[in-house]
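Enquirer: Following this message is one structure expressed as structure tokens.
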Amino acid sequence: MENKNNPMLLLVLSVFSFLLLNPAEAHVGRPALHGMANLQITAACRKTSYPDLCATTLGANMDATVGVKDSTAIFKTALKAAVAEANAAISKTERLIVAVDNPMDLDCLTSCKKYYNEAIARIQEAMTDNNYNSVMSTLSSAISQISTCGDDFEPRVNKMAKINQRARGVIDNALALAGFARW
């Protein structure tokens, strides 16, 4: 009787392993990351402050045709994810600008858009820099730019709070992953 259950157990374990290593969140139009790449991303993201956000953004920005070569490739992908997140924040800011009816909020949102553009410039600068200390300083500056966006809303409700928190988290993850890249 045990022999009859073994093939079923193997089938169940195989299906479970496939689902675990090949999440359904594969992005449309992008090749899905499989097996070892997912494991490497998960292992790297465990070293960050926001591991779930890290895994999501790295998976969305990893070039599956190139794959995960090493910790430097993961770090470069984290930078790419940070730029994508900042660009998404700019798009959300532009939508809020169109819908806002308060002149003070309009000024704050306009400033936020400027701060996000400056943050993108810093992240792009880090992409081409080969000096660890300089990269750390540049990425910290990008986080400061985004934090300044939130300061402008004080003491009113910050319409950008969630957007800023996510963008800072993605850049913070890149900072953490920089420590594992080869310099």
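Enquirer: Between Met136 and Glu154, 0.36 nm times their residue separation minus their Cα-Cα distance comes to what?
Expert: Values: separation 18, 0.36 × 18 = 6.48 nm, distance 2.81 nm.
So the chain would gain 3.7 nm between Met136 and Glu154.
Enquirer: Return the distance in nm (one decimal) between the two label points of a simple spin-label model at Asp107 and Asp63, each offset 7 Å from Cα along Cα→Cβ.
Expert: Roughly 4.4 nm, to one decimal.
Enquirer: Moving to a separate point now. Using the number of other C-beta atoms within 10 angstrom as an exposure proxy, rank Ile123, Ile41 with the fewest first. Mind showing how you got there, number by number?
Expert: Values: Ile123 27, Ile41 22.
Ranking Ile123, Ile41 by Cβ neighbours within 10 Å, fewest first, gives Ile41, Ile123.
Enquirer: Spin-label point model (7 Å from Cα, Cβ direction): what's the Ala43 to Arg182 distance in nm?
Expert: For the pair Ala43/Arg182, the computed spacing is 1.6 nm.
Enquirer: Ok, one more. Any chance you could run the full-extension gain for Glu94 through Gln165? It's 0.36 nm times the residue separation minus the Cα-Cα distance, nm to one decimal. Spell out each step's value before the answer.
Expert: Values: separation 71, 0.36 × 71 = 25.56 nm, distance 1.76 nm.
Length difference between fully extended and current span is 23.8 nm.
Enquirer: Can you give me the C-alpha center-to-center distance between region 46-108 and region 129-183, rounded to a whole angstrom?
Expert: 11 Å
Enquirer: Something else about it: By a straight-distance test (C-alpha under 18 Å), which aspartates and glutamates pair with Lys162 as possible cross-link partners, with residues fewer than eight away in the same chain excluded?
Expert: Cross-link targets: Asp52, Glu85, Glu94, Asp105, Asp151, Asp152, Glu154, Asp172.
Read-outs throughout are calculated quantities, based only on the coordinates presented, and are distinct from any laboratory measurement. No experiment lies behind these values; they were computed from the predicted model shown. Glycine also receives a Cβ, built like all others from the backbone with ideal geometry; neighbour counts cover every protein chain displayed.
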